[in-house]
Amino acid sequence: MPTTNDLTKNLQVYFDQTVEGFDASVVLAQQAAKHTPPATDMSRANNTFWRPQPAILQVRSGWDTTGVDPETLQKLSVPASLNSPGNIEIALNLQEMQDPSNMATATAAAQLQLAAHVDLAVAETVARTGSLVITGNGPMNWKMGATADAVMNEQGVKMGSERSMFLSPQHYVDIADELKSKQFHQGDVKTAWDEARIPNIAGFKTFQTDYTGYIPAPTVAVTATLTADVAYVPKAMTTNNGGNGEVPVDNRFATMSVDITAGELRPGDAFTVADVYAVHHIKKTATPRLKTFRVVKVEGAIVTYCPPIIPDGPYQNVTTKGAAGVALSVINNTDQAPTSFWRKDSVELILGSFDNLGNISGGARFMKATTKKLGLPIAMLYWLDGKSVIYAVKWLVFFGVNNLNPEMNGIILPNQISTATMSTASKKG
């Protein structure tokens, strides 16, 4: 039977193996921005803190500004938080501990699942709240990817910024299939055909991944209108619910009142509002495209959505308010595993900390480390139950994923059908 010291050495080796293999298993998380807040501050703030957003000011014409009040500098911020730690726990009896392959098998499985847990969180965050939505009525193609790049440029997402695109498995196949017929990309065609590798698309570093989320189609075509004007005014602070002082405001989300006469709206749905076009966030010039929005929550007739409709002011993002009575059109009309894209610093991986936990008592032993590429904290606890003579081993990761700016990331949904076609299909059904 191994001594306690021998067991510790063995577990350290297995733990090191978990850390070494972790980074190779993540794709989306490696391309997200990273931030590590101080552990003590996070503990005192219940694992939530606020990140500042860039300030925007308005340009006014003319020499004489008599009678025009100066702007108030709005210091907007968004909340960022850590999730509860993800953990995997196994139990091995002394007989099982005598076979090193048991612990090696558990280590490999833990590595795989913890990595998937992190990547899944990133994928779901963008799939559900990324507000730049590109649709098409055919298979995924290069033009759809280039359109995503163009939409970011039109709306003022900094050109030349680090942008990434993550193709779902089927979309990767579609792009490779399109490449093989492009004679002017002979080298790319060969790698797409022989090795399933494709070049970067437009302004994006392009990656293949195994999961990008899932956006289901409404079961019945949605017919909905706004029941009141929608025009959001951003503000930095609001009165605390308890009436004591002020607290920051999360301006990424807003509510609208909607009359739904057919179908239902669900979290994750993408929609447009009639006559509400996107504008360049800095220049305030109109674009030729309707602004796209995402449903975050539905409570009766009240829909929480992002981003807010802001028709004027320094944070203007649309040409006009959403007028009472105008149609709201859902644009995801067929089931789809989307392709995701973002500007790097709009999606952030918040890295937790296991600092100050090395002195855990009560018989448990504690190890911690940080993965090389992600800088992700990973820890392992192990202890012996003297009565059952079973060793318990637990691996933990501590992180959060935040969509800091939904207007700098989004999804591509190919193979969509028109609302009219869907309505016909719904009636036949």
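Number of residues in the range 279-338 that are β-branched (Val, Ile, Thr) and more than 16 Å from Gly156 (Cα to Cα) equals 12. When Gln170 is tested against the conditions (1) under 21 Å from the mean Cα position of the chain (by Cα); (2) under 23 Å from Ser346 (Cα atoms); (3) at pLDDT 90 or above, the lone failure is (2).
Taking residues in the range 334-347 that are under 18 Å from Arg51 (Cα atoms) and in contact (Cβ under 8 Å) with a residue 60 or more places away in the chain, and partners anywhere that are in a helix (DSSP H, G or I) and polar (S, T, N, Q), the pairs with Cβ atoms closer than 9 Å and at least 6 places apart or on different chains are Lys344/Gln31; Val347/Gln31; Val347/Thr125.
Among the residues in the range 276-294, are any under 28 Å from Thr48 (Cβ atoms), modelled with pLDDT of 95 or more and of a type in the set (Gly, Ala, Ser)? No. So for the range 344-353 (the condition being modelled with pLDDT of 85 or more, in contact with an Asp or Glu (Cβ under 9 Å, 6 or more places away or on another chain) and open to solvent by less than 30 Å² (accessible area, probe 1.4 Å)), does at least one residue qualify? Yes - at least one qualifying residue is present in the range 344-353.
Within the range 112-133, the set of residues being open to solvent by 40 Å² or more (accessible area, probe 1.4 Å) and in contact with a Ser or Thr (Cβ under 8 Å, 6 or more places away or on another chain) comprises Leu112, Ala116.
The rows are residues; the columns are (1) surrounded by fewer than 18 Cβ atoms within 10 Å (Cβ to Cβ); (2) not in a loop (DSSP other than H, G, I, E, B).
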position: Val247; (1), (2): yes, yes
position: Thr255; (1), (2): yes, yes
position: Asp275; (1), (2): yes, no
position: Lys284; (1), (2): yes, no
position: Pro288; (1), (2): yes, yes
position: Val295; (1), (2): no, yes
position: Thr304; (1), (2): yes, yes
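The set of residues in the range 311-333 that are of a type outside the set (Ser, Thr, Tyr) and outside any loop (DSSP other than H, G, I, E, B) comprises Val318, Gly322, Ala327, Leu328, Val330. Taking residues in the range 276-299 that are farther than 17 Å from Thr135 by Cβ and touching a residue at least 24 places away in the same chain (Cβ under 8 Å), and partners anywhere that are among the basic types (Lys, Arg) and open to solvent by less than 70 Å² (accessible area, probe 1.4 Å), the pairs with Cβ atoms closer than 8 Å and at least 6 places apart or on different chains are Val298/Arg266. When the residues of the range 322-343 are filtered to those that are farther than 24 Å from His117 by Cβ and open to solvent by less than 20 Å² (accessible area, probe 1.4 Å), the one that is farthest from the chain's Cα centre (by Cα) is Gly322. Only residues that are outside any strand (DSSP E or B), on the phi < 0 side of the Ramachandran plot, surrounded by fewer than 21 Cβ atoms within 10 Å (Cβ to Cβ) and touching a strand residue (DSSP E or B) at 6+ places or on another chain (Cβ under 7 Å) were counted in the range 361-381, giving 1. Residues that are under 28 Å from Ile412 (Cβ atoms), within 19 Å of the chain's Cα centre (by Cα) and part of a helix (DSSP H, G or I): does the range 139-146 have at least one? Scanning the range 139-146 turns up at least one residue that is under 28 Å from Ile412 (Cβ atoms), within 19 Å of the chain's Cα centre (by Cα) and part of a helix (DSSP H, G or I). If the condition is being farther than 30 Å from Pro38 by Cβ, of a type in the set (A, V, I, L, M) and at pLDDT 80 or above, then the range 67-93 contributes Ile90, Ala91, Leu92.
If the condition is being among the aliphatic types (A, V, I, L, M), assigned to a strand (DSSP E or B) and open to solvent by 30 Å² or more (accessible area, probe 1.4 Å), then the range 382-405 contributes Leu384, Ile390.
Within the option set Ala286, Ala262, being touching a His at 6+ places or on another chain (Cβ under 9 Å), farther than 25 Å from Val126 by Cα and aliphatic (A, V, I, L, M) holds for one residue only, Ala286. From the list Ala150, Ala109, the lone residue that is open to solvent by 30 Å² or more (accessible area, probe 1.4 Å) and within 19 Å of Tyr211 (Cα to Cα) is Ala109.
Selection of the range 257-273 for residues being closer than 24 Å to Gly130 by Cβ and either surrounded by 16 or more Cβ atoms within 10 Å (Cβ to Cβ) or charged (D, E, K, R) (or both) yields Val258, Ile260, Gly263, Glu264, Leu265, Arg266, Gly268, Asp269, Ala270, Phe271, Thr272, Val273. Restricting attention to the range 147-167, the residues that are out of contact with any Ser or Thr (no Cβ under 7 Å at 6 or more places or on another chain), polar (S, T, N, Q) and not in a helix (DSSP H, G or I) add up to 2. Residue count for the range 215-245, restricted to those that are closer than 23 Å to Thr334 by Cβ, of a type in the set (Ser, Thr, Tyr) and either surrounded by 15 or more Cβ atoms within 10 Å (Cβ to Cβ) or in contact with a Cys (Cβ under 8 Å, 6 or more places away or on another chain) (or both): 1.
A Cβ distance below 8 Å, combined with a sequence gap of six or more or placement on separate chains, defines the contacts here; from the range 101-115, residues that are under 15 Å from Leu396 (Cβ atoms) reach residues that are outside any helix (DSSP H, G or I) and among the small types (Gly, Ala, Ser) in the pairs Leu114/Gly86.
The values are calculated or read from the model by the stated rules, or taken from the named source; none is laboratory data. Owing to the predicted nature of the structure, the values given are computational and were not obtained by experimental measurement. Glycine also receives a Cβ, built like all others from the backbone with ideal geometry; neighbour counts cover every protein chain displayed. The area values use the complete protein model at the heavy-atom level, side chains included, leaving out ligands, DNA and RNA. Shrake-Rupley method; radii C 1.70, N 1.55, O 1.52, S 1.80 Å.
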